[in-house]
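The values are calculated or read from the model by the stated rules, or taken from the named source; none is laboratory data. These figures come from a predicted structure and were not determined experimentally. Cβ coordinates were reconstructed from backbone atoms using ideal geometry, including for glycine residues, and neighbour counts include every protein chain displayed.
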Amino acid sequence: MQCDPATVSRDVLIVFAAKYLFLVIPAIAFIYWLTAPSRTRKYLFFLGMAVGLISVIIGQAIAYFYFDPRPFVTGHFQPLIPHVADNGFPSDHTLLSAVIAATLTTVSVPMGIVLWVITAMVAIARVSAGLHHAIDVIGSICIAAVVTMIAQRRVRARLPQ
């Protein structure tokens with residue numbers, strides 16, 4: 001049996017993006033944080049911690065009531081990345097990526113756009129690898145975005161001028 005080189009190349013890119021690309025986001029965010037003014041660093045720290053913690057709690061609470069079998073389970077195929085057959089909602093990789101992208105967007109729209117593009121690539125790769133349905137990654141993005149919109153007002157109001 002011969003392998004099509006284009007398919008192999010595509011699969012390698014999907015596996016890389018689905019497994020490792022999300023790690024680029026905290027690295028970029030950390031470099032941005034290091035170069036930011038002290039007040040911005042403090043704001044990003046508290047906002048990021050709040051949004052991250054609340055988003056994970058909300059994601060886990062929804063997952064407790066909503067079970068979405070992974071596509072490889074329902075479709076009876078081998079995913080590009082081996083994975084346990086647990087609940088696919090929410091996508092943890094996408095949730096982490098979206099939390100960081102949403103948090104940085106509150107202080108730098110250009111940096112936020114870069115991180116949102118990478119987040120979209122991670123989400124698409126997770127779906128393309130057969131690990132998640134679209135609802136899993138869209139739900140993760142929505143959780144992070146809504147929590148960030150609510151939390152940013154509260155964190156800004158509580159930080160000293």
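Taken together, the residues in segment 63-93 that are assigned to a helix (DSSP H, G or I), within 30 Å of A29 (Cα to Cα) and in contact with a Pro (Cβ under 7 Å, 6 or more places away or on another chain) amount to 1.
From the list V107, V146, which one is part of a helix (DSSP H, G or I), modelled with pLDDT of 95 or more and of a type outside the set (D, E)? Steps first, please.
Values: V107 fails: part of a helix (DSSP H, G or I).
Selected residue: V146, the only one of V107, V146 that is part of a helix (DSSP H, G or I), modelled with pLDDT of 95 or more and of a type outside the set (D, E).
Rundown of residues vs (1) surrounded by 12 or more Cβ atoms within 10 Å (Cβ to Cβ); (2) closer than 23 Å to V122 by Cα; (3) in contact with a His (Cβ under 8 Å, 6 or more places away or on another chain), yes/no style:
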{"site": "I28", "(1), (2), (3)": "yes, yes, no"}
{"site": "I31", "(1), (2), (3)": "no, yes, no"}
{"site": "L34", "(1), (2), (3)": "no, no, no"}
{"site": "T40", "(1), (2), (3)": "yes, no, no"}
{"site": "L44", "(1), (2), (3)": "yes, yes, no"}
{"site": "M49", "(1), (2), (3)": "yes, yes, no"}
{"site": "L53", "(1), (2), (3)": "yes, yes, no"}
{"site": "V56", "(1), (2), (3)": "yes, yes, no"}
{"site": "Y64", "(1), (2), (3)": "no, no, no"}
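Residues of segment 128-157 that are in contact with a helix residue (DSSP H, G or I) (Cβ under 8 Å, 6 or more places away or on another chain) and over 20 Å from V56 (Cα atoms): S128, A129, G130, R156.
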